[in-house]
1. Quick one: which helices (runs of 4 or more DSSP H) sit completely within segment A:586-686 and have at least 3 residues that are within 11 Å of RNA strand B (Cβ to nearest atom) and surrounded by 23 or more Cβ atoms within 10 Å (Cβ to Cβ)?
2. Report, by residue number, each residue of segment A:495-517 that is under 24 Å from the mean Cα position of the chain (by Cα), farther than 15 Å from A:Pro41 by Cα and in a loop (DSSP other than H, G, I, E, B).
3. Within segment A:68-79, is there a residue that is under 25 Å from A:Arg574 (Cβ atoms), loosely packed, with under 15 Cβ neighbours inside 10 Å and not small (Gly, Ala, Ser)?
4. Say we look at segment A:250-259 and pick out the residues that are part of a loop (DSSP other than H, G, I, E, B) and either of a type in the set (Phe, Trp, Tyr) or surrounded by fewer than 16 Cβ atoms within 10 Å (Cβ to Cβ) (or both); which of these is nearest to RNA strand B (Cβ to nearest atom)?
5. Filter segment A:159-185 for residues that are surrounded by fewer than 18 Cβ atoms within 10 Å (Cβ to Cβ) and farther than 30 Å from A:Asn426 by Cβ; which is farthest from RNA strand B (Cβ to nearest atom)?
6. Would you please list the contacts, defined by Cβ atoms under 7 Å and residues six or more apart or on different chains, that run from a residue in segment A:375-403 that is closer than 18 Å to A:Phe455 by Cα and modelled with pLDDT of 90 or more to a residue that is among the acidic types (Asp, Glu) and away from RNA strand B (no atom under 11 Å from the Cβ)?
7. Report yes if A:Ile40 is buried (at least 17 other Cβ atoms within 10 Å of the Cβ), in contact with a Pro (Cβ under 6 Å, 6 or more places away or on another chain) and more than 24 Å from A:Val711 (Cβ to Cβ), otherwise no.
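The values are calculated or read from the model by the stated rules, or taken from the named source; none is laboratory data. None of these values were measured; they are calculated from a predicted model. Neighbour counts are summed over all protein chains in view; Cβ atoms, including those assigned to glycine, are modelled from backbone coordinates with ideal geometry.
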Amino acid sequence: MLDKNYNPKDWEENIYKNWEAAGYFKPSMDKSKEPFCIVIPPANVTGVLHMGHALDYTLQDILTRYNRMQGKNVLWQPGTDHAGIATQMVVERNLAKQGVSRHDLGREKFIETVWKWREESGGTICRQLRRLGSSCDWSRERFTMDEGLSRAVRKIFVNMYKDGLIYKAKKLVNWDSKFMTAVSDLEVVQKEAMGKMYYYRYPIEGEEGNFVHIATTRPETMFGDTAVAISKDNEKLKHLIGKNCIVPIINKVIPIIADEHADPEKGTGAVKITPAHDFNDFEVGKRHNLPLVNVLNPDATLNENTPFAGMSTMQAREATIAKLTELGLMDKIEDHPMVIPYGDRSGVVIEPMMTDQWFVDAPKLAVEAIKKVENGEVQFLPKNYEKTYFEWMRNIQPWCISRQLWWGHQMPIWYGPDEYIFCEENEDEAKSAAKEFYGHEVELRRETDVLDTWFSSGLWAFSTLGWPDKSEFLDTFYPTSVLVTGFDIIFFWVARMMMMSLYAMKKIPFKTVYLHGLVRDEHGHKMSKSKGNTVNPIEMIDKYGADALRFFMAAMETQGRDINMSEARIAGYRNFATKLWNAARFGEMNQIDFGADFDENKAQGQVNRWIVAKAKKTTKEVSRSLNNFRFSDAANAVYQFVWGDFCDWYIEMSKPILYGENEIEKAETKAVFAWVLKRIMLILHPFMPFITTQIWNSLGMQDELMLQNWVRDEKIDTQAEEAVDWVIEVVSKIRSLRVEMNLPAGAKLKAYLQGASPAKDYLKDMDKIICSLARLEFLQIREDEATQDMVQVVTSKGVILLALQGVMDFAAECERLTKEITALEHNLRSYEAKLNNPAFVEKAPEKVVAEERRRQREASDKKKKLEEALTIIEKCMK
RNA sequence: GGGUGUGUAGCUCAGGUGGUUAGAGCGCUACGUUGACAUCGUAGAGGUCACAAGUUCGAGUCUUGUCAUACCCACCA
């Protein structure tokens, strides 16, 4: 039995528990079935569910449930990510509240704390995923730092190192001075800001009063200058090339060199070269063999190579300018728009810094990864993201994978006494390798750096399936079927997965990449905590049910475009669920037996045949749309069928039969009703798994809905469609006329059909239905002419004549209409006068004028309508 | 500087290969408690499909340009 009201909160969580307990999310592992697999984009363990997750996971669950219902062997592989920097940051912040720093604890204790913290709060996002209805196989849940995945990370690392694809190098990298670690290019965000350009001059060595003028946005780095560059094409300045100049304050002599990096058009044409703190200067330095002078400490304060050791860069900048001014070397300071790099997590300015770091040879790995997309083995949807992917991959830089953090996969690298590198999967192997190398046992020192989180995420498609061990799951499900993720993650994750998977497996990780957009607020602004415009999906679920939120996501998802949040719309889909709930209750109240088998092809009644055809058409449309990842088309097709065809028309049309005397018709209609409702449960289930299961179970169905088979390749009987579509047309037109002519709502009209076949034939079966829906006393066929008191309703298949005699008082109505028309005419005159007044039109605000025009148009339209009605009535009176 | 989107009803958005009268939800107006449902029903108002030119028998849809707007990448001494 169904409750009187639709209250999803009462049973959603319970239904989920039953599914999970029964093991329905596990793949069948039936070898004869086609495999289908999605690996979940691992959520940050520290995270809580946001709208982006809700979208991402809803789409995946729809695909998972749909394919499961296709009878495939389906695995949705879940898991979470250790999210190095993000997690370490959260735990450090927690510790700070107790006045403890990670250094107080030491590395080992700190990592213990992180693990403990994960145990306590790490399950949140997975619990929230369950609230959404996600049918992933939780028994296979993985974590990027669990034992198996850590082993995969070490193995890949060792292999790549030995293949020369991972190497250590002293390079200029992006340095985050808050976390005191290197970060990759992708973790740096460029922000525009108004800064200052400082113009000052360096004296030329041995030429009193001669200077080279330079311009810079970062004067405090001048202590790291090891040259000044000028273009050899710079006619004005090229005479200085070859001379030396003096860095003031520290009085250091540096050469003036020729380099094309110095654009004569920019700045002063002469550039100070600071190879240790600028990516361009670094390249210049390499070309000219310039020494590197580091002027910063890891926390971005100035070091002892400068006169301002210990100062922050901003303090040092001021001090430098003050000193230069004192020395009389400042020329000018100008406002200058510039782009400053910030750490995406730390929010502090990123400094290019010379350090020892580890790199993956991404340019080499990219070659295959590009090819597989070019040749179509991997397809991006929407397709234009392939261009973005190519663009990035073809210009890819070596990937800095080492992080000077504590939380993460410590690199499997050991150093011998002479710093010789041993890269092995564990300490024992490293030791024996060292023993072999040195001829005796030695003390080894392990590398303290950890790996970029995305290194382990990059292995996700195969590591979660059991790699490097032999695994039935790996054999069955790799390559996976489709990857669903946000477009913002293409570089971070999709590209890395392509490269790592192709390296490790020699096979693509997935066949299709479906990229969706961002969920924005209702006005299209990006959601952010600082703006305070975030919406919590769990709150939406509490308020409207998970099904409503899911359906919203599906219905809004078109071709990967961004989605604007709309609570009103979610409420609308809750209403849709209520509507369906009540339709099911209607069936229940009419003692419909849902358990009985029925061959829908045997239905005789027009209306029954019609709804069966519509149901099959909708099924086909949903299949076709989901096969092509057209989520909104699929959702809208079901929505329109359930609310429009089934509730608005079929239920109303079946009432006269259900309440009538014809037992044969009644029995068939009940059977068809049951068949259609069950079909709705089936095709709606991927979108709204909770309500469909609840109704299914409440109606006494024994088998589990989510394991039912989807129906394919049905014959659709299109013959019945035309008849019922005409009935709908007739009823709609009569209803319109009733309102337009102001007929009393309860008045029963006499109606006659003037028409030939097929309308006449349709009438045989359906006059009762038309009468009931259009509130007619009767509808008969009439061959002779219409009498005066009749109005014509023209339909596509014949004319319906409505007899108005006795329904309304013609004289009174005539008087009412005339009065109303007179009043409107009066109004129209006043609008016209106003709008013809040039003073009004020119001086009044545009809005007011437009409003006046709108009123005028409205009044004029209404007048026309009333006049038409009056004409009809006058005719009737004759 | 290079690239990718978007611009359709008051609001938020749909409109694969060009084809009757351009759709939906919300909002709005009028009416309505008829034996599933007021979380509802019936009817209705509301659009120069950003602008301009072109291709075509026919353009919201294709081409070119303009304007507006969002994002991505790179660079900026």
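1. The qualifying helices (runs of 4 or more DSSP H) are A:631-639.
2. Correct list: A:Ile508 only.
3. No, segment A:68-79 contains no residue that is under 25 Å from A:Arg574 (Cβ atoms), loosely packed, with under 15 Cβ neighbours inside 10 Å and not small (Gly, Ala, Ser).
4. Selected residue: A:Ile250.
5. A:Lys178
6. Pairs that qualify, where the first residue is closer than 18 Å to A:Phe455 by Cα and modelled with pLDDT of 90 or more and the partner is among the acidic types (Asp, Glu) and away from RNA strand B (no atom under 11 Å from the Cβ), are A:Pro398/A:Asp361; A:Ile401/A:Asp452; A:Ser402/A:Asp449; A:Arg403/A:Asp449; A:Arg403/A:Asp452.
7. yes
Quick grid of which residues meet (1) more than 24 Å from A:Ile490 (Cα to Cα); (2) away from RNA strand B (no atom under 14 Å from the Cβ):
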site	(1), (2)
A:Pro509	no, yes
A:Val513	no, yes
A:Lys529	no, yes
A:Asn533	yes, no
A:Glu539	yes, yes
A:Gly545	yes, no
